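Structure record follows, encoded as structure tokens.
Throughout, read-outs are computed from the coordinates displayed, never taken from laboratory work. No experiment lies behind these values; they were computed from the predicted model shown. Every residue, glycine among them, receives a Cβ derived from its backbone with ideal geometry; neighbour counts consider all protein chains shown.
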Amino acid sequence: MEAPVPRVGVVVFIVKGKMVLLGRRRSTGVGDSKFALPGGHLEFGESFEECAAREIKEETGLDIDKIEFLTVTNNLFLEETKHYVAIYVRAFLRDPHQLPQNLEPTKCEGWDWYDWDNLPKPLFWPLEKMVLEGFNPFPNA
Ligand SMILES: CC(C)CCOP(=O)(O)OP(=O)(O)O
Ligand SMILES: [Mg+2]
Ligand SMILES: [Mg+2]
Ligand SMILES: [Mg+2]
């Protein structure tokens, strides 16, 4: 059997003060029942920003702005025989009062804002690794 090829995911830190939007995944793929950032597979021809805006709209109904590249990580999910290069971007709400909706309830238990200094557990391991390494997704104050 041929080894599956690595895929690209675009993952979005939607920041609101010192909070980020997280949801507990209901995934047949990777990260089932782990708290993770919204985002998804880069589709043919998309820029990172287009993918971020599309996935966030699809998953939460939110409109985001000022999408900026932050970092990239290489994630091998050996048990699930999956390999993802994850492109992390930061974004802001176009309307700071817009509320997230759980538009894909079969893939996510619901979205909520969490303080970066008090994140829920268990975190999806690629995010947990970044947190443990001291990653800071927020703009320089
Ligand atoms: C695991 C992640 C880095 C890339 C895939 O994200 P996802 O499973 O949320 O993908 P979709 O939102 O496209 O279904
Ligand atoms: Mg998606
Ligand atoms: Mg997708
Ligand atoms: Mg997704």
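If one takes the longest principal axis of the Cα atoms in the chain, at what angle in degrees, from 0 to 90 and to the nearest 10, does the Cα axis of helix 48-60 lie?
For helix 48-60, the angle is close to 80 degrees.
What ranking do 124-134, 57-67 get when scored by the average of other Cβ atoms within 10 Å per residue, highest first?
Listed from highest to lowest mean packing, they are 57-67, 124-134.
From the gyration tensor of the Cα coordinates in the range 7-132, what semi-axes in whole Å does the equivalent ellipsoid have, largest first, with each one equal to sqrt(5λ)?
Semi-axes from the Cα gyration tensor: 20, 17, 15 Å.
Let me check I've understood the local charge: for V11, count other residues with C-beta under 11 angstrom from its C-beta, Lys and Arg +1, Asp and Glu -1. What total comes out?
0
Mind scanning K18/K82; K34/K129; K34/K107 and naming the pairs with a C-alpha gap bigger than 23 Å?
Going by Cα-Cα distance, K18/K82 fall outside the 23 Å limit.
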